[in-house]
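Trainee: This is the structure, below, for whatever I ask next.
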Amino acid sequence: MATLHELIAEVSPEELLGAIGELYHHVLGYVRSMALKCAVDLGIPDAVNRCGGAATVADIATDTSVHPAKVADLRRMMELLSTTGMIFDSSTAGDGGAAGGDVVYRLTTIGRFIASPSNFSPVVQFAD
């Protein structure tokens, strides 16, 4: 059996990078589903709808009664969900968003499926 150093010497940098990326994809894949479940549990898709279809983290925190000490965690979760494109698209104030450069989140098609009145969110509970 090859050691790590031998394996690294045997494969191309592209193959090594691809293998490591695939490994991390599988090992950390649950993070996306847990963030999605958390968003549904907090009622974030409905909060965005109640804010007129576009909301900042501050708007969402206020609407969902997230404790002020947890707003930084909410912001990180929103960034993850936006980056993966699972729920939210985002833009900054320069793109017609909120004042001060705050990121504004909008629902994607997936987000619209799990928000009321569509409310396909019970499917997300299987992620538990």
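Trainee: I'd like the full set of residues that are part of a helix (DSSP H, G or I) and either closer than 13 Å to E79 by Cα or small (G, A, S) (or both), limited to the range 45-59.
Mentor: In the first step, residues of the range 45-59 are kept if they are part of a helix (DSSP H, G or I); the result is 45-50, 57-59.
Within the range 45-59, A47, V57, A58 qualify.
Trainee: Do any residues in the range 107-128 that are within 13 Å of V48 (Cβ to Cβ) have Cβ atoms under 7 Å from those of residues that are at pLDDT below 70 and buried (at least 16 other Cβ atoms within 10 Å of the Cβ), where the two are at least six apart or on different chains, and which pairs are they?
Mentor: I114/S121; I114/V124
Trainee: Quick check on the range 55-73. Is at least one of its residues of a type in the set (D, E) and touching a residue at least 60 places away in the same chain (Cβ under 8 Å)? Show your work before the answer.
Mentor: Within the range 55-73, the subset of a type in the set (D, E) is 59, 63, 73.
If we keep only those that are touching a residue at least 60 places away in the same chain (Cβ under 8 Å) too, we end up with none.
No, every residue in the range 55-73 fails to be of a type in the set (D, E) and touching a residue at least 60 places away in the same chain (Cβ under 8 Å).
Yes or no, residue by residue, for (1) under 16 Å from the mean Cα position of the chain (by Cα); (2) of a type in the set (A, V, I, L, M, F, W, C); (3) at pLDDT 90 or above; (4) buried (at least 16 other Cβ atoms within 10 Å of the Cβ):
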site: G18; (1), (2), (3), (4): no, no, yes, no
site: E22; (1), (2), (3), (4): no, no, yes, no
site: H26; (1), (2), (3), (4): no, no, no, no
site: G43; (1), (2), (3), (4): yes, no, yes, yes
site: C51; (1), (2), (3), (4): no, yes, yes, yes
site: T62; (1), (2), (3), (4): no, no, yes, no
site: E79; (1), (2), (3), (4): yes, no, yes, yes
site: A93; (1), (2), (3), (4): no, yes, no, no
site: G100; (1), (2), (3), (4): no, no, no, no
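Trainee: Looking at the range 1-28, which of its residues are over 20 Å from T84 (Cβ atoms) and in a loop (DSSP other than H, G, I, E, B)?
Mentor: M1, A2, T3, V11, S12
The values are calculated or read from the model by the stated rules, or taken from the named source; none is laboratory data. Keep in mind that this is a model prediction, so the values were computed, not measured. Cβ: placed from backbone, ideal geometry, glycine included. Neighbour counts: every protein chain shown.
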